[in-house]
1. Does residue 96 qualify as being under 17 Å from the mean Cα position of the chain (by Cα), modelled with pLDDT of 85 or more, in the same structural domain as residue 66 (by TED's automatic domain parsing) and surrounded by 18 or more Cβ atoms within 10 Å (Cβ to Cβ)?
2. Residue check, residue 151 against (1) outside the structural domain of residue 45 (by TED's automatic domain parsing); (2) modelled with pLDDT of 85 or more, all met but one. Which one?
3. Which residues, taken from the stretch 116-136, are in contact with a helix residue (DSSP H, G or I) (Cβ under 6 Å, 6 or more places away or on another chain) and more than 14 Å from residue 101 (Cα to Cα)?
4. Considering only residues of the stretch 56-74 that are free of Cβ contacts under 8 Å to residues at least 12 places away in the same chain and more than 19 Å from residue 120 (Cβ to Cβ), which is surrounded by the most Cβ atoms within 10 Å (Cβ to Cβ)?
5. Condition check: over 14 Å from the mean Cα position of the chain (by Cα), in a helix (DSSP H, G or I) and modelled with pLDDT of 75 or more. Does residue 6 satisfy that?
6. Could we say that residue 80 is closer than 24 Å to residue 131 by Cβ and either surrounded by fewer than 14 Cβ atoms within 10 Å (Cβ to Cβ) or at pLDDT 90 or above (or both) here?
């Protein structure tokens with residue numbers, strides 16, 4: 001749906017006095033921010049299960065976004081709070097694009113019913129990403145040292 005169609009749909013669903021408060025310059029996202037999500041819990045759960053990591057989104061940002069969306073589903077009563085860890089872990093494994101990170105976390109090897117607590121999983125994801133950055137940095141440094149030594153030998 002285009003922005004215009006979404007705005008039209010929102011305007012048609014509002015009644016006075018709420019309709020009087022919406023300016024023609026308001027975007028659909030502004031209106032939704034003010035009035036909130038109107039989907040029921042089951043629709044939000046479907047949306048959650050079709051949420052993929054963004055192209056330039058970091059794994060930890062993706063995990064935080066998943067967690068926020070899942071908490072809305074819990075508030076709407078579609079799942080119990082105890083099931084958040086399982087749904088969050090499963091969706092993160094299925095839709096995170098960083099295969100190297102998933103292998104390092106060994107999430108795919110674990111029992112399909114294993115559940116991570118959000119905070120524990122977020123800390124572990126950030127730790128693994130930081131380790132990867134350090135490794136890449138050390139490899140680049142080693143290549144630079146090797147290259148400078150190699151060049152000196154031939155000068």
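1. Considered against the rule, which asks whether it is under 17 Å from the mean Cα position of the chain (by Cα), modelled with pLDDT of 85 or more, in the same structural domain as residue 66 (by TED's automatic domain parsing) and surrounded by 18 or more Cβ atoms within 10 Å (Cβ to Cβ), residue 96 comes out as yes.
2. Going through (1) outside the structural domain of residue 45 (by TED's automatic domain parsing); (2) modelled with pLDDT of 85 or more one by one, residue 151 breaks only (2).
3. 116, 117, 118
4. Ranking the candidates gives 57 first.
5. no
6. no
The values are calculated or read from the model by the stated rules, or taken from the named source; none is laboratory data. Just so we're clear, the structure is a prediction, and the values are computed from it rather than from any experiment. Please note: Cβ atoms are built from the backbone with ideal geometry, for glycine as well, and neighbour counts cover all protein chains shown.
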